[in-house]
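Engineer: I am attaching a structure below and will ask some questions about it afterwards.
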Amino acid sequence: MEGVKFRRQQLIENYIVDFLAYSPKLVIELDGGQHQDSRSYDEKRDDCLRRNGFLVLRFWDNDIFENLNGVLEAIRGNCLKAVCTLECPPKSPPPLAGGG
């Protein structure tokens with residue numbers, strides 16, 4: 001998607017993530033109903049992934065089934081933002097007023 005290559009079921013420290021893009025550092029998690037009972041585990045997991053420099057996107061299964069286009073657009077938007085951050089040169093600051 002937008003030139004970002006994802007791998008499925010990858011290990012990061014002690015956690016297996018659903019989808020992972022190493023460049024940019026992006027993790028996509030697809031959560032079923034079992035995740036409602038494991039929120040503290042998921043928070044620890046997300047903290048670990050963020051400490052390793054990954055952005056974590058979580059989507060509920062019902063969002064995927066009921067709003068697939070919205071989920072894909074959210075993923076696409078984050079891919080574009082991350083790729084631009086990696087590839088776009090920083091903008092120069094505007095010139096100072098009054099010449100220089």
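Engineer: Looking only at the stretch 8-43, which residues are modelled with pLDDT under 95, exposed (fewer than 11 other Cβ atoms within 10 Å of the Cβ) and among the basic types (Lys, Arg)?
Structural biologist: If the condition is that a residue be modelled with pLDDT under 95, exposed (fewer than 11 other Cβ atoms within 10 Å of the Cβ) and among the basic types (Lys, Arg), then Arg39 is the only one that fits.
Engineer: Hey, another quick one. Condition first: part of a helix (DSSP H, G or I) and touching a helix residue (DSSP H, G or I) at 6+ places or on another chain (Cβ under 8 Å). Now tell me which residues in the stretch 53-83 satisfy that.
Structural biologist: If the condition is that a residue be part of a helix (DSSP H, G or I) and touching a helix residue (DSSP H, G or I) at 6+ places or on another chain (Cβ under 8 Å), then Asp61, Asp63, Ile64, Gly70, Val71 are the ones that fit.
Engineer: Return the residues of the stretch 1-17 that are of a type outside the set (Val, Ile, Thr) and part of a loop (DSSP other than H, G, I, E, B); say none if nothing qualifies.
Structural biologist: Passing the criteria: Met1, Glu2, Gly3, Lys5, Phe6, Glu13, Asn14.
The values are calculated or read from the model by the stated rules, or taken from the named source; none is laboratory data. Here the structure is a predicted model, which is why all the values come from computation and not from measurement. Cβ atoms come from the backbone with ideal geometry, glycine included; neighbour counts cover every protein chain shown.
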